[in-house]
Amino acid sequence: MGHLSAGLWVFCTLSAIIPGWTQQTPQPSSRAPTQNTNLKFRLAGYPRKHNEGRIEVFYNQEWGTICDDDFTMENAHILCRHLGFTEATGWAHSAKYGKGIGRIWLDNVICSGGEKSIADCKSRGWGNSDCTHEEDAGVICKDERIPGYVEPNTIETEQRQLEEIRLRPVVATAKNRLPVNEGILEIKYSDNWEQVCDVGWTQKNSYVVCGMMGFPSDKKYNKNFYKLYLDRQKPSFRLHSVKCLGTEVHLSLCPFEYYKQNSSAACQDGDPVVVSCALGPIYVAQSAAQTPIKKKKVVQQPQREEIIRLKGGSRPGEGRVEILKNGQWGTVCDDRWDLQAASVVCRELGFGSAKEALTGARMGQGMGAIHMNEVKCTGNEKSIFDCQYKNITQEDCKHTEDASVKCNTPYMGYDKMIRLAGGRSQHEGRVEVLWGPRGEERWGFICGEGWGTKEAAVVCQQLGLGFVSSALQETWYWDATNVTEMILSGVRCSGTEMSLQQCSRHKSVSCKNTGTRHAAGVICSETASDLVLHAALVQETAYIEDRPLHMLYCAAEENCLSSTARHANWPYGHRRLLRFSSQIHNNGRADFRPKAGRHSWVWHECHGHYHSMDIFTHYDLLTSNGTKVAEGHKASFCLEDSECQDSVSKRYECANFGEQGITVGCWDLYRHDIDCQWIDITDVKPGNYILQVVINPNYEVAESDFTNNAMKCNCKYDGHRIWIHNCHIGDALSEEANKLFEQYRGQLNNQIL
């Protein structure tokens with residue numbers, strides 16, 4: 001029973017060059033730290049994806065390459081681990097990704113595979129080589145990160161040192177408010193912060209700086225105020241003659257010059273640069289909440305229709321790019337996908353410039369149409385729809401090539417307000433929050449009663465630890481700090497909050513069990529599953545069957561009929577059933593597994609199978625306002641891989657009490673002709689309705705995206721036949737969603753804020 005990324009990591013960094021030089025645009029590159037603090041590694045070259053490229057090593061304060069002589073997969077495995085990937089899938093010779101520059105640091109490298117560092121392998125020694133750059137080696141790494149790996153947030157430029165930049169606020173009301181979106185632009189140099197000369201400074205320069213800081217654009221500021229302030233200061237200038245085009249994703253890619261000697265007189269007739277940035281929509285409310293001064297009421301602008309969105313990311317500003325075209329959501333193919341196109345997407349969504357342009361469905365695969373291919377943006381466009389692109393056919397691109405982005409986002413300080421304690425790794429532990437009036441904050445933990453997946457998901461995102469794997473209501477073996485106070489209870493999140501402090505909660509702590517054992521905990525993961533229903537199949541397979549009651553005893557036992565069936569004249573008569581097939585895809589980056597292990601699965605004698613999840617799907621017929629008129633529910637009779645994509649092998653099969661689940665890239669098919677694959681519509685009157693199917697309705701199993709778990713269709717029922725059309729994936733109807741939420745959370749007796 002079936003039932004091309006440029007690969008740049010950027011943040012607030014600025015590379016230093018030799019005084020008097022004009023900076024040139026560097027090659028795309030990626031870097032990763034290693035256990036040897038003197039060595040750094042990166043991928044470079046073009047064209048390439050984010051997990052492949054020419055391998056370069058930073059040794060003795062200089063970047064260089066590795067010769068391909070005697071190169072092996074063992075070498076590639078070690079180098080990929082240096083770069084934060086789990087292993088290598090291949091390597092390249094003869095400068096496949098282009099010739100490097102500078103030194104060839106290693107030659108005739110021979111690793112056994114057990115070394116912790118490439119420096120431990122046999123070679124001719126550092127800098128001893130008889131190769132040319134035509135023999136530069138490259139590696140192809142498996143697109144899977146080492147657990148706990150922290151991605152670098154710097155952009156490397158050839159042979160140049162990196163420096164931090166910041167905006168230093170001087171307005172009193174802004175000093176304690178995040179994000180910092182206005183202030184004096186400063187560069188860190190030798191542990192000091194120094195300024196940039198504003199002579200010749202342009203709006204395009206400010207635009208680039210704002211993008212680096214996570215803001216979509218620059219804006220005007222009070223020049224008179226800053227003039228008065230700066231007249232009383234003694235600046236120390238470091239940078240001048242910055243000339244950005246406005247399309248750069250990072251200030252270090254613009255031409256500029258350094259002063260040879262820092263001096264307050266260096267910037268003649270000029271002042272330090274001041275930059276003011278516009279807040280993206282999702283950060284406006286957060287910033288306003290921290291502002292103690294009452295402002296005039298702002299008239300809300302009508303909300304623009306959403307035409308672009310990010311899906312599958314673990315935090316704001318990252319995800320698979322999806323666009324709305326001809327009334328249908330679809331993805332973008334990664335052919336020629338680069339930082340300019342990614343930055344247009346990021347800014348359009350209210351974030352800064354792109355930190356990474358990801359290829360190869362790095363944020364999971366989408367479904368449906370692929371709307372764009374070979375997107376080419378200059379970086380000046382207001383929307384990705386303004387860029388050049390090609391319409392594609394199914395043969396051109398597949399969802400394994402869906403494009404994704406990671407955008408620069410403003411620093412909000414949310415990670416300082418929460419921590420995990422006592423876990424076996426940094427990805428798990430008891431949740432401790434910093435709570436209380438300003439100046440009187442204290443650490444405490446959260447009551448585990450009612451703690452669930454959505455709350456835990458907010459914690460993992462807030463800490464930058466990816467997705468939730470498990471939400472724990474008891475953490476009895478995680479006593480690790482001297483925190484003993486239960487500080488919050490009744491915490492409820494929708495899953496869209498940027499921090500746990502934004503979720504609702506009890507006005508006063510109310511918790512039946514107040515010991516540390518009953519504190520809320522989480523286990524976070526870098527990947528998560530993502531279930532999506534194949535909507536078209538429901539529409540194609542739907543029909544009505546009048547089924548005799550004598551054939552429905554097992555279904556009644558498993559509560560698959562409406563409540564009025566209990567009062568029917570068994571075994572005489574029939575029930576009218578709306579039947580359809582459902583095909584459930586796992587488009588995430590981790591297998592979907594039942595929450596309960598096999599030891600707690602329930603055997604149902606009548607149907608002769610185990611239930612691994614009591615409620616796996618809800619089937620409902622609703623009025624246009626969300627009122628339920630008929631319902632069905634589906635336990636997981638059997639979660640297994642019915643079919644898979646060509647390159648994916650089945651892993652789960654229910655036969656012989658086998659493991660249940662849905663592999664990434666596979667789908668589970670529940671055919672229309674099996675028991676409980678229906679809605680009992682015996683009591684439904686003729687009319688127009690909405691058919692709604694919700695997968696994993698109680699959020700028992702964590703997913704990267706719950707907003708695509710519901711499918712809705714328009715239905716017309718004349719008492720004999722039913723027509724189903726316009727099926728689409730989206731959020732559950734609000735009233736129904738709230739009911740499901742309450743069912744999952746349980747009844748909380750205390751008043752919620």
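The table that follows gives values for the structure above.
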read-out	value
Top-ranked residue of segment 93-152 - restricted to ones that are open to solvent by 70 Å² or more (accessible area, probe 1.4 Å) and assigned to a strand (DSSP E or B), ranked as nearest to Phe58 (Cα to Cα)	Arg103
Positions within segment 522-560 being open to solvent by 20 Å² or more (accessible area, probe 1.4 Å), aliphatic (A, V, I, L, M) and closer than 25 Å to Gln692 by Cβ, in sequence order	Ala536, Leu537, Ala542, Ile544, Ala556
Subset of segment 644-667 that is in a loop (DSSP other than H, G, I, E, B) and hydrophobic (A, V, I, L, M, F, W, C) - its residue that is most open to solvent (accessible area, probe 1.4 Å)	Phe657
Test: residue in segment 488-506 that is open to solvent by less than 60 Å² (accessible area, probe 1.4 Å) and touching a Pro at 6+ places or on another chain (Cβ under 7 Å)	yes
Residue in segment 393-414 that is in contact with a Ser or Thr (Cβ under 6 Å, 6 or more places away or on another chain), under 30 Å from Arg517 (Cβ atoms) and not in a helix (DSSP H, G or I) present	no
Test: residue in segment 695-714 that is more than 30 Å from Glu455 (Cα to Cα), open to solvent by 10 Å² or more (accessible area, probe 1.4 Å) and part of a strand (DSSP E or B)	yes
Any hit, segment 192-211, residues being surrounded by fewer than 20 Cβ atoms within 10 Å (Cβ to Cβ) and among the aromatic types (Phe, Trp, Tyr)	yes
Selection status of Lys390, under 29 Å from Leu245 (Cα atoms) and modelled with pLDDT under 90	yes
Flag for Leu434 being at pLDDT below 95, assigned to a strand (DSSP E or B) and surrounded by 16 or more Cβ atoms within 10 Å (Cβ to Cβ)	no
Only one of Gly444, Gly439, Gly429 that is part of a strand (DSSP E or B) and over 12 Å from Ala480 (Cβ atoms)	Gly444
Any hit, segment 477-484, residues being assigned to a loop (DSSP other than H, G, I, E, B) and either open to solvent by less than 40 Å² (accessible area, probe 1.4 Å) or at pLDDT 90 or above (or both)	yes
From Glu134, Glu151, residue being under 23 Å from Lys355 (Cα atoms) and modelled with pLDDT under 90	Glu151
Selection status of Glu374, charged (D, E, K, R), open to solvent by less than 40 Å² (accessible area, probe 1.4 Å) and either part of a strand (DSSP E or B) or closer than 30 Å to Gly444 by Cα (or both)	no
Residue that is nearest to Ile690 (Cα to Cα) [pool: residues in segment 617-636 that are open to solvent by less than 10 Å² (accessible area, probe 1.4 Å) and in a loop (DSSP other than H, G, I, E, B)]	Gly626
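The values are calculated or read from the model by the stated rules, or taken from the named source; none is laboratory data. Remember, it's a predicted structure, so these values are computed and weren't measured experimentally. Note that we place each Cβ from the backbone using ideal geometry, even for glycine, and neighbour counts take in every protein chain shown. When the accessible area is computed, the model is the full protein with side chains, heavy atoms only, and any ligands, DNA or RNA have been set aside. Shrake-Rupley method; radii C 1.70, N 1.55, O 1.52, S 1.80 Å.
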